[in-house]
1. Provide a single number: the residues in segment 85-113 that are among the hydroxyl-bearing types (Ser, Thr, Tyr), modelled with pLDDT of 95 or more and part of a loop (DSSP other than H, G, I, E, B).
2. Which pairs turn up if I take residues in segment 175-190 that are under 13 Å from Val219 (Cβ atoms) and look for partners that are aromatic (Phe, Trp, Tyr) with beta carbon separation below 9 Å, at least 6 apart in sequence or on another chain?
3. For segment 114-126, enumerate the residues that are closer than 24 Å to Gly373 by Cα and either in a strand (DSSP E or B) or in contact with a Leu (Cβ under 9 Å, 6 or more places away or on another chain) (or both).
4. Determine the pairs where a residue that is without any contact (Cβ under 8 Å) to a residue 60 or more places away in the chain, located within segment 194-221, has a partner that is among the polar types (S, T, N, Q) and open to solvent by 10 Å² or more (accessible area, probe 1.4 Å) with Cβ atoms under 7 Å apart, the partner being 6 or more residues away or on another chain.
5. Of the residues Arg218, Arg228, Arg233, Arg239, only one is among the basic types (Lys, Arg), under 19 Å from Val291 (Cα atoms) and at pLDDT 95 or above; which?
6. Could you please tell me which pairs satisfy a Cβ distance under 9 Å, a separation of 6+ or placement on different chains, a first residue in segment 325-340 that is farther than 14 Å from Arg290 by Cα and touching a residue at least 12 places away in the same chain (Cβ under 8 Å), and a second residue that is open to solvent by 50 Å² or more (accessible area, probe 1.4 Å) and acidic (Asp, Glu)?
7. Condition first: within 19 Å of the chain's Cα centre (by Cα) and part of a loop (DSSP other than H, G, I, E, B). Can you find one or more residues in segment 215-231 that meet it?
8. Of all residues being assigned to a strand (DSSP E or B) and not hydrophobic (A, V, I, L, M, F, W, C) in segment 131-158, which is surrounded by the most Cβ atoms within 10 Å (Cβ to Cβ)? Just the residue, please.
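The values are calculated or read from the model by the stated rules, or taken from the named source; none is laboratory data. What you see is a predicted model, and the numbers here were worked out from it, not measured in a lab. Reconstructed Cβ throughout: ideal geometry from the backbone, glycine too, with neighbour counts over all protein chains shown. These area figures cover heavy atoms from the full protein model, side chains too; ligands, DNA and RNA do not enter into them. Shrake-Rupley method; radii C 1.70, N 1.55, O 1.52, S 1.80 Å.
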Amino acid sequence: MRAHLTARCLHPGPPRPAPDPSCPRRHTISRTAPSRPARPSVHRRTALTALVATAAATALTAAVPAPAPPASAPSASVAPAARTSGPSGLRISTAYELPGDRVYPEGIADDPRTGRLYAASYETGAVYRMTPGHRVAETFLPAGADGRHTANGLEVDRAGRLWVTDSTRGVSVYDLHSRRLLARFEVPGDAPFFINDLALTPDGTVYLTDSVRNVVHRVTPAQFARARAAGGRGVLRTRFDLTGLLPSPPDRAPALNGIATGPGGRWLLTADMVGGGLYRLDPRSGRASRVDTHGTRLRNADGLETAGRSMWVVHNTDDALSRWRLSHDGTRAREEARRSDPALQLPTTLTRSRGTLYVVRSQFDRGGPMGPGTPRTPFTIAAVRGL
């Protein structure tokens, strides 16, 4: 978040509500990418205030922020020691450490071929690679690589490519072996946007949530091939538009966040982090519909992860994880368990690898994009069992 946060001339937009510092929330509207100055956009931190005001107006229960560090805390403190259980009953331990004191990680993905994990820095755009047996991650892509100064969602596809979303531009695709940028897909049009999370289906198609436009874009293998042939540049195309399905209270702020694939890629699920709804997406028809969650809202839902008919959800400012049971067709979901633990340190997303949940500890509320304070360093990825 610190990169490129100096004062700049912003295009005027509709009036935005005043911020409510007592209710920190996570996402913000995209700002203009440095290489595309003609695009109207809004500063990420400015737009965060719009989401704060929207959250205060919703009927959702207010999230409880993580405890602030003591006033006498030094500028850098040691990450909490690994432990086997917490007050929630979850077994939480530190799996990996991320180098750097301003990481504020956001996304995570696993490469099932190698067992390696990848994590992204929302603050700088750096991407880190974690290898089993090595506690400290290595820098896979440095801060500012290829003009990126932030990174959100990550996915590794079967062809050995890493997809990295940049909320301010679109998505970049890298070769995992050479680390070379293969292609970049950008958002068309002049309206504000925020490219957030992404999911892969077995046929190689990538789906990406836009938290501001409340649509889901896609990149098919054919579109990827055409972009490579055109010098590595492509445009994101919208596949699902959920604006007519989502609640529309006054001053509606960013909503769509996590996205995950159902069995065989027959359908996808995406969550509304403000309204708490879960939505089913049909790739064949392009139709979106609300999932029956039996009256339970996915409050503050961030990352989603599925395996068969199970789904895990990160609830960021609640410091919580939940597990859901899905119907065979993805039209219904029932919450089976929910656990909250401050050791999750404002989690943003997760991935499941070899039976273990790996959860990103963002610490966004400790001097990051969601509040003042001092983060615990090093930033870490938690291994979570018991859910």
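1. Residues in segment 85-113 being among the hydroxyl-bearing types (Ser, Thr, Tyr), modelled with pLDDT of 95 or more and part of a loop (DSSP other than H, G, I, E, B): 1 in total.
2. That search, which allows pairs on different chains as well, returns Leu182/Tyr174; Leu182/Phe224; Ala183/Phe224; Phe185/Phe224; Val187/Phe193.
3. Residues of segment 114-126 that are closer than 24 Å to Gly373 by Cα, as a first pass: 119-126.
Hits for segment 114-126 are Ala119, Ala120, Ser121, Gly125, Ala126.
4. The qualifying pairs are Asn214/Thr243; Val215/Thr238; His217/Thr238.
5. Details: Arg218 fails: under 19 Å from Val291 (Cα atoms); Arg228 fails: under 19 Å from Val291 (Cα atoms); Arg233 fails: under 19 Å from Val291 (Cα atoms).
From the options Arg218, Arg228, Arg233, Arg239, the qualifying one is Arg239.
6. Taking only residues 6 or more apart or on different chains, the pairs are Arg325/Glu335; Arg325/Glu336.
7. In the first step, residues of segment 215-231 are kept if they are within 19 Å of the chain's Cα centre (by Cα); the result is 215-219.
Within this subset, residues satisfying the condition of being part of a loop (DSSP other than H, G, I, E, B) are none.
Looking through segment 215-231, none of the residues is within 19 Å of the chain's Cα centre (by Cα) and part of a loop (DSSP other than H, G, I, E, B).
8. So, considering only residues that are assigned to a strand (DSSP E or B) and not hydrophobic (A, V, I, L, M, F, W, C), the one surrounded by the most Cβ atoms within 10 Å (Cβ to Cβ) is Glu155.
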